[in-house]
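**Student:** Input: one structure, supplied below.
Just so it is clear, none of the values below were taken in a lab; they were calculated from the coordinates. It should be emphasised that the depicted structure is a prediction, and the values quoted were computed from it without experimental measurement. Note that each Cβ is placed from the backbone with ideal geometry, even for glycine, and that neighbours are counted across all protein chains shown.
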């Protein structure tokens, strides 16, 4: 019997026929990332149903020195869940582990397994009058395990933080199959290193997240969604500070987009309408929310906030959504920017951050530099101004061949953007992670001291390098 | 020349005469922890003036294999900053590195060096109309570096979190002398493992914190301090949940103490007066605050909150402090519990947490069990109910000899308390850290998987074991 056969038989005996398969029809769809950028191979796909099954599988893999590539909803942006082309690894699907174990109303927390889909979690919390305050475009497929492993962001980070801020406890299987667990969270615990923090955002390279206890917040009782036209990105930042001062903790979203992005959406999304009459260099989408206890007068105080901003020339025009339908329509514009930009033609995209206060000047400088260096391109930035995080796209000159352009000029442009971000003290991955997409760029531009530390930690926790090899470090 | 002489001469050349000394008069006072529980020896005391000087010193120590024991204000509770008795180590004082480098008003953050004293930081923030929202008894001596290294807590954790939640960026010197820095913080950064989190709370065993960028919040414009008498610790928790529901983010402190602790304070602090007329099984000290933007009607809404609580029988009696002086008087009672308890006689003290929702039942069960197991003792719990963290003291029977009792029964009692806390899923160190005080207990009771992980990380980052040896792991 070959080593592969021995491994497979042992895994089959342990996981059962639903737990492991080599059937190409079943495995193939998960070997390419959803944007079609990375394609890999795998010797099998394992789908354990429990932490105990996964622990046994990892021990078996350690014994046979078989690499493991964990995968949740396969909706990542950096190829972090796609195996390499060697076919050595098993693809580990966490999707069968999708139980919501407990929702604690009084303690406002939920304990659920790694394979729970974000939207399912939203619905389960809503049923109890609570809310899980993190959302993003891929909510219909992204899983809790993937969100934790990539420390996912989204449009509510301004108020509630990234995934890291919402993880109260977690459970993970380590490289040797041992189970680390802090699922019953303590609010205060100073017994040494915070290992939970080390696992969050480690992209499955230090351990495989199997379950988590997550923070919930009261459901929204009232929300006010505002669309504002602003004269400059500097004014947008001043408007943000004004809104933070006035609305405080109620300010939950503050997204920006340039006129060009709005027009791209209007061109490509038939249902989209411009919220304001005129043209404006920049637009801000602002969401202010309140739970039951704070819902009174929210709309009136937003109106006062906008009037004051208008008086201080922080905005040129603004409208408050008249109802839920219009609120959703405003958000549809925001959520359609990426697909609309994609339809405009080939582009390279960057998920970057710089220190929050430098972002307006960075955007101006970066757009100018990129368009000057690469004649015919158009550079745009949109997204989470309040987090110092924008998505920075450089669109190819008209008529460029997508694949050829992306492979040649596109790659050079990305390097130049990353150089610029590094010069401004920023990050080449604000919220999407490193995966395989940015691993070489991280090695090229990352702080050598931090990289050295990361490699030391990786070697200590996964000396054989079996956990998600080729990713991150 | 001896090795010691070579090392000392090289250090002297690098740090200058103010930077290193063997003068017993200067070194001696820092070789005992402030509570007098631990006494150590050191070959010298180094006091570098900058990160660069410290980096050079650590390289020199690595070369000569000399252990380093970092120390801030020497106000820790677990002997974490006291060297062992071998005299091998140098004592590293961070107190000369006490510059506040920058206060960023708009970004509400401060960058300061490790040796800045907490009270100095409070004053510097207040001067700018801002506030650093962490405070504790030792604020006159505790330093920023020590607070970060121990992930300090205090009485505002309920609203603002422990030190970890307030550290936006940090700088540290690693075991090989390299400098790790994230002093210019990014709100979003997903470039791999969050190494900053690993250093926070690691008690100087993985790196020496030299500077940090910390979060500030708006100054308090209005505060309401309430003293409530409650019928049981379960009622106190129900009252806490009620206050959280009504006051939301404005609720900043919620401390509890039993009648016996109040009486101890009244007996031992001449200035203290009972806030309420009658006796109550438990007392709650509640602080609700608001900044300028939210100061209106704070008092009225607190009155309504209390009336409702009274109607629901969550409290028996309550009083709102009439002015700042009375507010301070209420807090003086809380802050005097530990010294007052000390004056009552020998006791063993435990800084413990259990899952927040289990704390009331834990207190009842633990008091019962300890007093039954150790006739003549009195067990009391007081502190941060909202964080699931209380200080649990067991007071010796009358007439016991302090030293003898603490060494015999006291040690056995502590082990029993720690066993009980572990059984309830809690932590034997909620906020004081492990240091040398609880290292053996952590090894005895800690999760073996977590301990194994910690040792792996420690070995990876400090293979020679020179950073704060004998502490934590």
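**Student:** Using alpha carbon centroids, what distance separates region A:84-141 and region A:422-468, in Å?
**Tutor:** Taking the Cα centre of region A:422-468 as reference, the centre of region A:84-141 is 26 Å away.
**Student:** Relative contact order of region B:3-93, please, whole-number percent, based on alpha carbon pairs below 8 angstrom and at least 6 residues apart.
**Tutor:** 36
**Student:** Further, regarding this structure: What does DSSP give for region B:3-93 in terms of the percent of beta bridges that are antiparallel, rounded to the nearest 5?
**Tutor:** Beta bridges within region B:3-93, antiparallel portion: roughly 30 percent.
**Student:** Quick one: which of A:449-456, A:355-362, B:201-208, A:398-405 comes out on top by average Cβ neighbours within 10 Å, and what's the full order, highest first?
**Tutor:** Final packing ranking: B:201-208, A:355-362, A:449-456, A:398-405.
**Student:** If you take the square roots of the eigenvalues of the alpha-carbon gyration tensor of region B:100-218 and sort them as a ≥ b ≥ c, do you get rounded (a/c under 1.5), prolate (a/b over b/c) or oblate?
**Tutor:** Here region B:100-218 falls in the prolate category.
**Student:** Using the 10 angstrom Cβ neighbour count as an exposure proxy, how do B:167, B:319 rank, fewest first?
**Tutor:** Least crowded to most crowded, the residues run B:319, B:167.
**Student:** Exposure proxy check: A:471, B:188, B:139 ranked by fewest other beta carbons within 10 Å?
**Tutor:** Ordered by Cβ neighbours within 10 Å, fewest first: B:139, B:188, A:471.
**Student:** Quick check: from the Cα gyration tensor, does region A:357-404 come out rounded (a/c under 1.5), prolate or oblate?
**Tutor:** Oblate.
**Student:** What is the fewest-to-most order of B:380, B:90 by other Cβ atoms lying within 10 Å of their Cβ?
**Tutor:** Going from sparsest to densest Cβ surroundings: B:380, B:90.
**Student:** Still on this structure: Once the label point is set 7 Å along the Cα-to-beta-carbon vector, what list of distances in nm do you get between residue B:278 and its counterparts in the other copies?
**Tutor:** 6.8
**Student:** Shortest first, in nm, what separates the label point of residue A:449 from those of the same position in the other copies (7 Å along Cα→Cβ)?
**Tutor:** 3.3
**Student:** Residue by residue through A:449-457, how many Cβ atoms from other chains fall within 10 Å of the Cβ on average?
**Tutor:** 6
**Student:** Let me ask something else. Would region B:345-435 count as rounded, prolate or oblate if I go by the C-alpha gyration tensor, calling it rounded below 1.5 in a/c and otherwise prolate when a/b exceeds b/c, oblate otherwise?
**Tutor:** Prolate, because a/c is 1.5 or more and a/b exceeds b/c.
**Student:** Another question, then. For label points placed 7 Å from Cα toward Cβ, what is the shortest-first list of nm distances from residue B:372 to its copies?
**Tutor:** 8.0
**Student:** What share of the DSSP beta bridges in region B:41-142 is antiparallel, in percent to the nearest 5?
**Tutor:** Of the beta bridges lying entirely in region B:41-142, close to 35 percent run antiparallel.
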